[in-house]
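Everything below concerns the one structure shown next.
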Amino acid sequence: MIQILTYAAIVIFILVSIVRVRHWASSPFHLRWEIYPVYHEKGKEYGGSYYEELNWWEKPRNPTLMGTLKYMLAEIFLVRGLWKNQRKLWYASFPFHFGLYLLCAFIVLLLIGAIIEAFGSIVSAASAKELIVLITYLTTITGFAGLIMGLAGATGLLIMRAVVEDLRLYSSFVDYFNLVFFIALFASWLITCITYGQMHDFSLARNYAADLITLRAAGNPGLAFSVSLLLLDLMLIYLPFTYMLHPLAKYFLYHNVKWDDKPNTAGGPLEQKVESALQKPISWSAPHIRGDGRKTWQDVIDEEVE
């Protein structure tokens, strides 16, 4: 039964994530902000745009991938935005997020080990093959480090949201529920890893993953492992329906909103997007718009200003 739930959780997580990403990718044309530094432009690290150049359309553009990578890697792995703007929150948020990244690496290593075992080799620290020994140790290190950092970070975030007034004012029931869910998940897996001999090197989890890959029926993994697995399956089902899928949404926020500086040329794809957006109905009832749900943005533009 638990194995069927795991298959279902994986399928639901992937399908719902794809649907949400497609929704973001097909969202209407955004309002271009053009007030943020565009890190793929050389010499514009602190704001500005190539549109400020005299006769910019006559000059070649020289975007730099390194500028984008430097910003994004620091934002993703170091949570630089919080470090600069909410330093106290960073001390809890960083271990939580970095713990999740380590657990992602752990899952990849666990699956590699499971595939190796599916082909008949034993993955353990006693193996004669150096690569298998390395995979075993890296799996153990990333697994325990990820669980410990994730648990510490989630607990810290929960305490801060409950204690710090500024955070408490903006925290909803869902925020607390999500953190309690993560704490229960991390704590359950840590207890299982400590109390189960086969989980000291995650061999039981690796065997379970191998059974999933080969479509074999898994044996009885025990109560503690089953409870931990149940929490993980429920998290996989719950996660894509929440705002916690924001790491995927951030791509569109940065690349399609903050940093989108492609020129709007006659007959180009951007012009087509603008024309499509202008045909959308508007229900904004402000006096200078007077939208009724039938009027389009194009109608608003064509109206005379009173």
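Just so you know, all these numbers are worked out from the coordinates, no wet-lab data involved. Because the structure is a prediction, the values reported are computed rather than measured. Every residue, glycine as well, gets a Cβ built from its backbone with ideal geometry; the counts of neighbours run over all protein chains shown.
Here are a few things to note about the model shown:
- Taking a Cβ cut-off of under 15 Å around F106, the surrounding Lys, Arg, Asp and Glu residues balance to a net charge of 0, with basic ones at +1 and acidic ones at -1.
- All-pairs Cα distance distribution in region 63-242, expressed in whole percent, bin size 5 Å: 1, 8, 13, 17, 17, 14, 11, 9, 6, 3, 1, 0
- Relative contact order, percent, the chain [alpha-carbon distance under 8 Å, six or more residues apart]: 22
- Electrostatic tally near W90: other residues with Cβ closer than 11 Å to its Cβ, Lys and Arg +1, Asp and Glu -1, net +4.
- Computed over neighbours whose Cβ is under 9 Å from that of A210, the net charge equals 0, Lys and Arg +1, Asp and Glu -1.
- MRE, 222 nm, helices only [DSSP H, n ≥ 4, -39500 (n - 2.57), over the chain, to nearest 500]: -20500 deg cm²/dmol
- Two-site label geometry, H23 and R168: point separation in nm, points 7 Å out along Cα→Cβ: 3.3
- Helix runs (DSSP H) in the chain reaching 30 Å along axis by Cα, Kyte-Doolittle at least -1.0: 2-25, 87-118, 130-163, 173-195
- Once the mean of 1/r is taken over each pair of separate Cα atoms and inverted, region 42-139 shows a Kirkwood hydrodynamic radius of 17.7 Å.
- Cα-Cα pairs of the chain separated by more than 29 Å (percent): 54
- For region 163-306, the fraction of C-alpha pairs more than 23 angstrom apart is 66%.
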